[in-house]
Amino acid sequence: MDKQIRRRFVKRLKGLTILVSCLSLIFPVSACKKNDSSQNDPNLLLGFSQIGSESAWRIGNTNDIEQQAENYGISLMFENANQKQENQIAAIRRFIAYKVDVIAFSPIVEDGWDNVLTEAKDAGIPVILVDRDISTEKEGLTTCLIGADFYKEGMMAGEYLIRKADALGLDHVNIVEITGTDNSTPMRQRQAGFADAIAGDERMQILESIDGDFLKSRGAECMRSLLEKYGDEIDVVYSHNDEMTLGALPEIEKAGFVPGKDMIIISIDGGQEAIDVLKEGKINCVVECTPKLGKELMETALKLKKGETVEEVIHPVEQIFSDEQDLSKIEPRGY
Ligand code: GYE
């Protein structure tokens with residue numbers, strides 16, 4: 001963007017608190033509340049392509065990124081891809097045409113980004129991966145990844161299950177797994193981490209893994225079909241996110257089972273609704289995945305604009321909430 005257009009753009013942004021976005025439009029959010037940090041750069045223009053609004057996690061992540069952009073005085077061009085990779089690719093192309101300083105995006109799936117990211121690289125615009133990773137043979141298409149260690153989350157879920165099976169004295173454990181979006185990083189790694197954690201335990205058997213696409217409605221559908229197929233053989237439901245878990249629970253109850261007692265329920269994310277249900281005893285364990293990646297994103301974007309090097313991978317620290325703990329001490333989750 002030439003300087004004049006950029007100045008006009010930033011000026012226009014300053015007059016507005018929120019610009020409502022609709023499908024194919026770009027939605028800039030202006031800096032109004034400034035972070036105290038001397039790092040602020042009101043001229044930094046960051047293009048961010050979000051996956052969609054499929055879960056409380058995703059909405060919390062969007063809110064956090066918008067809030068932190070305001071705090072850091074960064075002009076944010078935000079686009080919601082409504083769960084479609086082609087919308088994300090189109091958004092990245094618009095960011096390139098607009099000559100943003102930095103591009104960030106949460107890739108819905110791992111494959112299929114080489115062409116558009118080569119275009120960003122040729123335009124000299126650094127790209128930050130937020131939340132999920134990509135798979136590419138090419139070197140240097142992205143600068144870094146800011147997101148959770150999903151493999152570790154899956155591991156924590158599996159290790160909890162082993163402890164729980166020990167505590168209950170179970171000698172055989174039949175598991176059904178409701179997985180996230182196929183070919184997405186959290187799906188692949190939450191599956192792998194869990195599988196590796198239980199691999200050495202002969203009691204554990206995964207009856208079926210079924211694609212729930214991280215959606216509540218799909219979680220319900222998957223659970224219905226699993227119950228029809230396996231009924232009371234199911235000892236454990238391992239679900240890759242809270243949304244699918246919350247969809248599955250009423251189906252379990254409708255089929256006459258008590259979730260949390262007749263079946264061990266393990267979820268990932270740790271949004272407020274799931275934590276409330278954990279406290280009610282209908283979920284046994286929730287592995288935390290924090291959506292609060294905005295602060296790291298803004299700090300990294302500022303460094304890249306200044307030409308500084310950044311860490312290749314930034315993982316937030318995460319914990320586990322379960323019926324092994326005193327749950328009254330959990331702070332409000334904020335998503
Ligand atoms: O677990 C899920 C969301 O990529 C970590 O995506 C994220 C996942 C999160 O829709 O709820």
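The values are calculated or read from the model by the stated rules, or taken from the named source; none is laboratory data. In this text the structure is predicted, and so the values were computed from the model without any measurement. Reconstructed Cβ throughout: ideal geometry from the backbone, glycine too, with neighbour counts over all protein chains shown. Quick note on the areas: whole protein, heavy atoms, side chains included, nothing else; ligands and nucleic acids left out. Shrake-Rupley method; radii C 1.70, N 1.55, O 1.52, S 1.80 Å.
Just need a number here: residues in the range 165-191 that are open to solvent by 40 Å² or more (accessible area, probe 1.4 Å) and within 15 Å of the ligand (Cβ to nearest atom).
5
Got a sec? Which of S75, S37 is at pLDDT 55 or above and more than 22 Å from the chain's Cα centre (by Cα)? Outline the logic, then answer.
Values: S37 fails: at pLDDT 55 or above.
Just a single option satisfies the conditions, and that option is S75.
Give the range 209-229 a look and list any residue that's open to solvent by less than 40 Å² (accessible area, probe 1.4 Å) and more than 11 Å from the ligand (Cβ to nearest atom), or say none.
I210, A220, C222, M223, L226, L227
Give me the residue from the range 138-164 that is more than 16 Å from the ligand (Cβ to nearest atom) and assigned to a helix (DSSP H, G or I) and, out of that set, most open to solvent (accessible area, probe 1.4 Å).
The residue in question is R163.
From the list G231, G307, which residue is on the phi > 0 side of the Ramachandran plot and part of a loop (DSSP other than H, G, I, E, B)?
Criteria check complete, one pass: G307.
Could you grab me the full set of residues in the range 250-268 that are in a helix (DSSP H, G or I), of a type outside the set (D, E) and open to solvent by 10 Å² or more (accessible area, probe 1.4 Å)?
Residues satisfying the conditions are P250, K254.
How about the range 238-256: which of its residues are more than 16 Å from the ligand (Cβ to nearest atom) and either in contact with a strand residue (DSSP E or B) (Cβ under 8 Å, 6 or more places away or on another chain) or touching a residue at least 40 places away in the same chain (Cβ under 8 Å) (or both)?
Of everything in the range 238-256, those that are more than 16 Å from the ligand (Cβ to nearest atom) and either in contact with a strand residue (DSSP E or B) (Cβ under 8 Å, 6 or more places away or on another chain) or touching a residue at least 40 places away in the same chain (Cβ under 8 Å) (or both) turn out to be I252, E253.
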